[in-house]
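What follows is one structure encoded as structure tokens, with my remarks underneath.
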Amino acid sequence: MAPIPGSGLAKGLAVTLRTMTKKSVTAQYPDAQPDLPPRTRGVIGLFEENCTVCMLCARECPDWCIYIDSHKETVPAATPGGRERSRNVLDRFAIDFSLCMYCGICIEVCPFDALFWSPEFEYAETDIRDLTHERDKLREWMWTVPAPPALDPGAEEPKELAAARKTADKLAAQLAPPATESHADEQARAAEQPTRPQGDSKQQTDQPKSDQPKSDQPKPGQPKPGQEGSA
């Protein structure tokens, strides 16, 4: 059956009429804050401790709105005879949000999870120069970053947490004073020692010790006392 001419226009007008008859709902912002999803792209926070100054975020930014300055420091050898190493130290990390287009590429390419999205969006300024947030300001945005969703109960522990826990345990063991042998270690050592059956130990304790010297016992081939006369 061929469609009736103008049916598409009638359907569109029907949707318009239904919407016009409904009561409009206006969000009373800023008195009522909007309920934003946790993955809202509001502002970028910097976790400075994870930054290794690899410059990936600045190179991949299509707007070139990330500015990073750093210098190198020499780290002494951890062990005697070891080799000194050099590391990058962050001096400046700034993002110009007047140029940022909130694409999120810098967050995705960061290999050490130093950048995070925050749902905060109320950082308008009257001066455009104030939209360049330095690392201290970016660090403050980290307090507004929502917690990540919970992992699956059957999932394995993340490698980052396992490595951090192993390092913390190793450091605690080095700082802890030498303690005496614990009760658990004593029980484990006692369990490893061979134990005799209870009946054998009782039998050994019940038997009296013989005070008779070994010289009174007859030698092999020698007649016992009392058998000489009969012979």
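Quick look at the values:
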{"read-out": "Residues that are out of contact with any strand residue (DSSP E or B) (no Cβ under 6 Å at 6 or more places or on another chain) and either aliphatic (A, V, I, L, M) or open to solvent by less than 100 Å² (accessible area, probe 1.4 Å) (or both), drawn from the range 142-157", "value": "P146, A147, A150, L151, G154, A155, E157"}
{"read-out": "Test: residue in the range 81-100 that is open to solvent by 50 Å² or more (accessible area, probe 1.4 Å), among the β-branched types (V, I, T) and over 23 Å from the mean Cα position of the chain (by Cα)", "value": "no"}
{"read-out": "Every residue from the range 117-142 that is in a helix (DSSP H, G or I) and not hydrophobic (A, V, I, L, M, F, W, C)", "value": "R129, D130, R135, D136, K137, R139, E140"}
{"read-out": "Any hit, the range 68-80, residues being touching a residue at least 24 places away in the same chain (Cβ under 8 Å) and not acidic (D, E)", "value": "yes"}
{"read-out": "Selection count where residues are closer than 30 Å to K159 by Cα, open to solvent by less than 50 Å² (accessible area, probe 1.4 Å) and not hydrophobic (A, V, I, L, M, F, W, C), scope the range 101-135", "value": "3"}
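The values are calculated or read from the model by the stated rules, or taken from the named source; none is laboratory data. The model shown is predicted, which means the values in this text are computed figures rather than measured ones. Here the Cβ is made from the backbone with ideal geometry for all residues, glycine too, and neighbour counts use every protein chain on show. We work out accessible area using only protein heavy atoms, side chains counted, and drop any ligands, DNA or RNA first. Shrake-Rupley method; radii C 1.70, N 1.55, O 1.52, S 1.80 Å.
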